[in-house]
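Engineer: Structure in structure tokens, see below.
The values are calculated or read from the model by the stated rules, or taken from the named source; none is laboratory data. The structure presented is a predicted model; accordingly, all values stated were derived computationally and were not measured. Glycine gets a Cβ as well: all are built from the backbone with ideal geometry, and neighbour counts include every protein chain shown. All accessible areas refer to the heavy atoms of the entire protein, side chains included, with ligands and DNA or RNA removed. Shrake-Rupley method; radii C 1.70, N 1.55, O 1.52, S 1.80 Å.
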Amino acid sequence: MPGLIGRKIGMTSVFSADGKNTPCTVIEAGPCVVTQVKTVEKDGYAALQLGFGEAKESRTSKPMMGTFKKAGTTPKQHLAEFKFDEEHNLGDTISADLFADGDFVDVVGTSKGKGFQGVVKRHGFGGVGQATHGQDDRLRKPGSIGACSYPAKVFKGMRMGGHMGNERVTTQNLRVLKVIPEQNLIIVKGSVPGYNGSTVLIKK
């Protein structure tokens, strides 16, 4: 499916025609440069490799510099592949006008890292027992995690405390409320994974 690489700007809210306040996210979608054209004959599949964001030449490897020079563009910070129905050439620029008001998109990003969290925050546990009868340190504990005699082990997948967040997350079917092509901005309804300024993939 066609798409673009973008950057999450932040959240805001807009009012609809009937006066309803809608939370939405502002995304800088592109402009992206076509850095490679994958073909069925050469690569086994058809796709376009897009580049987004400027990178320093000193921090770019020589093979990648050759790719960027062949496309006639400066080094890019982020690369991703998308399957486009229409044909594009090396060095072409694809901007936010790829999308239109009312389109539905999937946004892929990396969720915020929360560090080590317990079961109440990580899995929504309610805690065990009551606050009375001397249970001063058991209110947010997970409780039993398995039988002791048989099978004498903890099954894989048991919901316990651990690392939370910093994972690849896809939010599907977000409606594009407005496209501002002159600023390469799109406004989508709802939330998008990641912190402000993080890189996201917007798939049509």
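Engineer: Examine segment 161-179 for a residue that is touching a residue at least 60 places away in the same chain (Cβ under 8 Å), within 23 Å of PHE82 (Cα to Cα), assigned to a loop (DSSP other than H, G, I, E, B) and touching a helix residue (DSSP H, G or I) at 6+ places or on another chain (Cβ under 9 Å), and state whether such a residue exists.
Structural biologist: No.
Engineer: Output yes when any residue across segment 102-109 is modelled with pLDDT under 95 and not β-branched (Val, Ile, Thr), and no when none is.
Structural biologist: Yes - at least one qualifying residue is present in segment 102-109.
Engineer: Given the criteria open to solvent by 50 Å² or more (accessible area, probe 1.4 Å), out of contact with any Cys (no Cβ under 6 Å at 6 or more places or on another chain), assigned to a strand (DSSP E or B) and of a type in the set (S, T, N, Q), does SER13 qualify?
Structural biologist: On the way: open to solvent by 50 Å² or more (accessible area, probe 1.4 Å): yes; out of contact with any Cys (no Cβ under 6 Å at 6 or more places or on another chain): yes; assigned to a strand (DSSP E or B): yes; of a type in the set (S, T, N, Q): yes.
Taking the combined requirement at face value, the residue satisfies it.
Engineer: Within segment 180-188, is there a residue that is open to solvent by less than 50 Å² (accessible area, probe 1.4 Å) and out of contact with any strand residue (DSSP E or B) (no Cβ under 7 Å at 6 or more places or on another chain)?
Structural biologist: Yes, segment 180-188 has at least one match.
Engineer: Okay, next question. I'd like the residue in segment 72-92 that is open to solvent by 70 Å² or more (accessible area, probe 1.4 Å) and more than 16 Å from GLU54 (Cβ to Cβ) and, out of all such residues, is nearest to the chain's Cα centre (by Cα).
Structural biologist: GLU81
Engineer: Starting from residues that are among the small types (Gly, Ala, Ser) and crowded, with 20+ Cβ neighbours inside 10 Å, keep the ones in segment 18-51 and report whichever is farthest from ASN196 (Cα to Cα).
Structural biologist: Filtering segment 18-51 for residues that are among the small types (Gly, Ala, Ser) and crowded, with 20+ Cβ neighbours inside 10 Å, the one farthest from ASN196 (Cα to Cα) comes out as GLY51.
Engineer: Moving to a separate point now. Assess whether GLN117 counts as being closer than 29 Å to SER61 by Cα, of a type in the set (S, T, N, Q) and either touching a helix residue (DSSP H, G or I) at 6+ places or on another chain (Cβ under 9 Å) or surrounded by 14 or more Cβ atoms within 10 Å (Cβ to Cβ) (or both). Lay out the reasoning, then the answer.
Structural biologist: Working: closer than 29 Å to SER61 by Cα: no; of a type in the set (S, T, N, Q): yes; either touching a helix residue (DSSP H, G or I) at 6+ places or on another chain (Cβ under 9 Å) or surrounded by 14 or more Cβ atoms within 10 Å (Cβ to Cβ) (or both): yes.
For GLN117, the condition - closer than 29 Å to SER61 by Cα, of a type in the set (S, T, N, Q) and either touching a helix residue (DSSP H, G or I) at 6+ places or on another chain (Cβ under 9 Å) or surrounded by 14 or more Cβ atoms within 10 Å (Cβ to Cβ) (or both) - is not met.
One line per residue, one yes/no per condition, for (1) assigned to a loop (DSSP other than H, G, I, E, B); (2) at pLDDT below 85; (3) open to solvent by 80 Å² or more (accessible area, probe 1.4 Å):
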site: GLY113; (1), (2), (3): yes, no, no
site: LYS121; (1), (2), (3): no, no, yes
site: GLN130; (1), (2), (3): yes, yes, yes
site: GLY134; (1), (2), (3): yes, yes, no
site: ARG140; (1), (2), (3): yes, no, yes
site: ILE145; (1), (2), (3): yes, no, no
site: TYR150; (1), (2), (3): yes, no, yes
site: VAL154; (1), (2), (3): yes, no, no
site: GLY157; (1), (2), (3): yes, no, no
